[in-house]
Amino acid sequence: MDRSEHLAAAQGALLRADDLVAGYLPGVNILNGADLYCREGELVGVIGPNGAGKSTLLKALFGLVKIGSGTVTLRGEDITNLKANKLVAKGVGFVPQTNNVFPSLTIQENLEMGLYQKPKRFKERFDFVTSLFPTLGDRRNQRAGSLSGGERQMVAMSRALMMEPSVLLLDEPSAGLSPIMQDEVFIRTKQINRAGVSIVMVEQNARRCLQIADRGYVMDQGRNAYTGTGQDLANDPKVIELYLGTLATA
Ligand code: ADP
Ligand code: MG
């Protein structure tokens, strides 16, 4: 799909980023014209080599990295450079790659932190996330710091889900986990998506990510190198040669 086809397909998307240029230091751009869209109900995967700018893209979408030019829209409303707390209130959730739980707080307290903007809805949202992750309900009084990496990832995703986001941004949820827990994360991510949450997922486990994604982007040097359905990308000889050959772990 070339850029003009991509632009046409992005019409009416839930979340949409066009031609983003952004970076951490003045004059040093990490994103160099990145485009992305996520339609209502979609699970979109973003893969690509280390340092390509995948985390920077998610941070820019979530108001944590200043966007120099380009636009981000949510249901057509311009949300470019809005602060994270405003974005959360509008229905954007973000789970960063690291330090995504409060280790000294219990599971329940972590979930309460996720809902600080709407504390009255705690019971209803707690029931929802523990229907997805029953063990979190059973172990609600356990400190997050005493959990395994995989369990902590479940807490982090649940914390973001407490605010009932329409779109969830996930940064490498399977990183650092055992193969069994990685599988669990992909299954859970798909389950969250099926429960009605649109998802943009950045992953180092590229092949597994493309298996569960409706569509994917291969990011390289701060822009999309390839985009298409998860299946098309996973079977594209250029994508395999350049990005899946060495990145694939499953
Ligand atoms: P990816 O997630 O694809 O591995 P990142 O978005 O983390 O890539 O990083 C893209 C580039 O931005 C890298 O060159 C990295 O060194 C740089 N970078 C990331 N975070 C920062 C930061 N906080 N300050 C300055 N440069 C950063
Ligand atoms: Mg990253």
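The values are calculated or read from the model by the stated rules, or taken from the named source; none is laboratory data. Just so you know, these numbers come straight off a predicted model, no measurement behind them. Neighbour counts are summed over all protein chains in view; Cβ atoms, including those assigned to glycine, are modelled from backbone coordinates with ideal geometry. Protein only, heavy atoms only, side chains kept; ligands, DNA and RNA dropped before computing areas. Shrake-Rupley method; radii C 1.70, N 1.55, O 1.52, S 1.80 Å.
Details
- Of Lys66/Lys238; Lys54/Lys90; Lys86/Lys238, pairs whose Cα-Cα distance is over 29 Å: Lys66/Lys238; Lys86/Lys238
- What a 1.4 Å probe finds exposed on the range 1-132 is 55% carbon and sulfur by accessible area, rounded to a whole percent.
- Extension gain for Tyr116-Phe128 works out to 2.7 nm (0.36 nm per residue, less the C-alpha to C-alpha distance).
- Gyration tensor (alpha-carbon) shape descriptor, the range 129-176, a/c threshold 1.5: oblate
- q = 0.07, 0.13, 0.16 Å⁻¹: log10 I(q)/I(0) that the Debye formula gives for the chain, counting C-alpha atoms only: -0.22, -0.78, -1.17
- Potential extension, Asn141-Lys90 segment - 0.36 nm per residue separation minus Cα distance: 15.4 nm
- The shape of the range 106-250 comes out prolate: with a ≥ b ≥ c from the C-alpha gyration tensor, a/c is at least 1.5 and a/b beats b/c.
- The range 160-229 shape via C-alpha gyration tensor axes, a/c threshold 1.5: oblate
- Trypsin sites (Lys or Arg not before Pro), loop per DSSP, at most 13 other Cβ atoms within 10 Å - longest free stretch of the chain: 84-250
- Summed over the residues of the chain and divided among them, the accessible surface reaches 45 Å² per residue at a probe radius of 1.4 Å.
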